[in-house]
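The values are calculated or read from the model by the stated rules, or taken from the named source; none is laboratory data. Remember, it's a predicted structure, so these values are computed and weren't measured experimentally. Note: ideal-geometry Cβ built from the backbone for every residue, glycine included; neighbour counts use all protein chains shown. Side chains are part of the model used for accessible areas, which takes the heavy atoms of the whole protein and leaves out ligands, DNA and RNA. Shrake-Rupley method; radii C 1.70, N 1.55, O 1.52, S 1.80 Å.
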Amino acid sequence: ALSGLVLASRIEPAADAANPFVRWGRVKILALPSRIFLRSQPVFVYYEVYGLAGDEARYRTTYTLESRTPDRNVVARFISAVGELLSDDEEKGAITYSFERSQSGDTDPLLEYFSLDVSDSPAGDYLLRVEVEDLATGASAERQVPLTLVEG
C-alpha cells in the first residue's frame, strides 16, 4: 500500500521527535497544502510505503511529472533520487524516472521522500504520479497529486 503524496516546501531528517511536523520520529515535513510552488523553489515529495514483502524490502519506484497543458515541455531534475531516465516525452509534456532499491530492517512503513528541481520547467499546472512496485510479489500501488508552478 502507498500513502497519499505530501507536497512540501522542505523535508529533512528530524532533530526533535516531539515536533508536530515530524513523522514516525524520523522525518520533519513542512507541507505546502496549496501545492503552488515558485519555479525557483524545489518541490519536496513525501510518502509512506506499507506491506513490502520479506526481511529485505526490494522495490521499484517510478516518478512521472507531466504537464496538464499538452503543449508544454517539462524539464525537471530529480534531486535525492538516483534513477534511470525512462522517457522524456516532449510531445506529451512528461518526464519519467525509475529506480530500484532494497532496504532491510524496519521497513513498515518505509518513509520515502525526494525533491524536484523544477527551475527549468515553464510555469503551469502539472501532475506528479508515483508508483511503487514490490519486486518480491509484483504488487504495485500508485498515487498522483496535482501541483502548480508560478513565476518568481
Review point. Taking the simple approach of a point 7 Å from Cα along Cα-to-Cβ for both residue 127 and residue 141, what is their distance in nm?
Key: 2.1 nm
Review point. Across the stretch 114-126, in residue order, what do the Karplus-derived ³J(HN,Hα) couplings come to in whole Hz, using 6.51 cos²θ - 1.76 cosθ + 1.60 with θ = phi - 60° and x for Gly and Pro?
Key: 8, 10, 10, 8, 10, 4, 8, 8, x, 4, x, 9, 9
Check your understanding: Between residue 3 and residue 150, what length comes free when the chain is fully extended (0.36 nm per residue of separation minus the Cα-Cα distance, one decimal in nm)?
Key -> 50.2 nm
Point to revise | Estimated vicinal HN-Hα couplings, Hz - the stretch 56-65 in sequence order (Karplus 6.51, -1.76, 1.60; Gly, Pro = x) | key: 10, 6, 10, 8, 10, 10, 10, 10, 10, 10
**Study point:** Sequence of 120, 55 when ordered by accessible area, the most exposed leading, probe 1.4 angstrom
**Key:** 55, 120
Practice item. Taking the Cβ of residue 39 as the centre, find all other residues whose Cβ is under 12 Å away and add up their charges (Lys, Arg: +1; Asp, Glu: -1). Key: -3
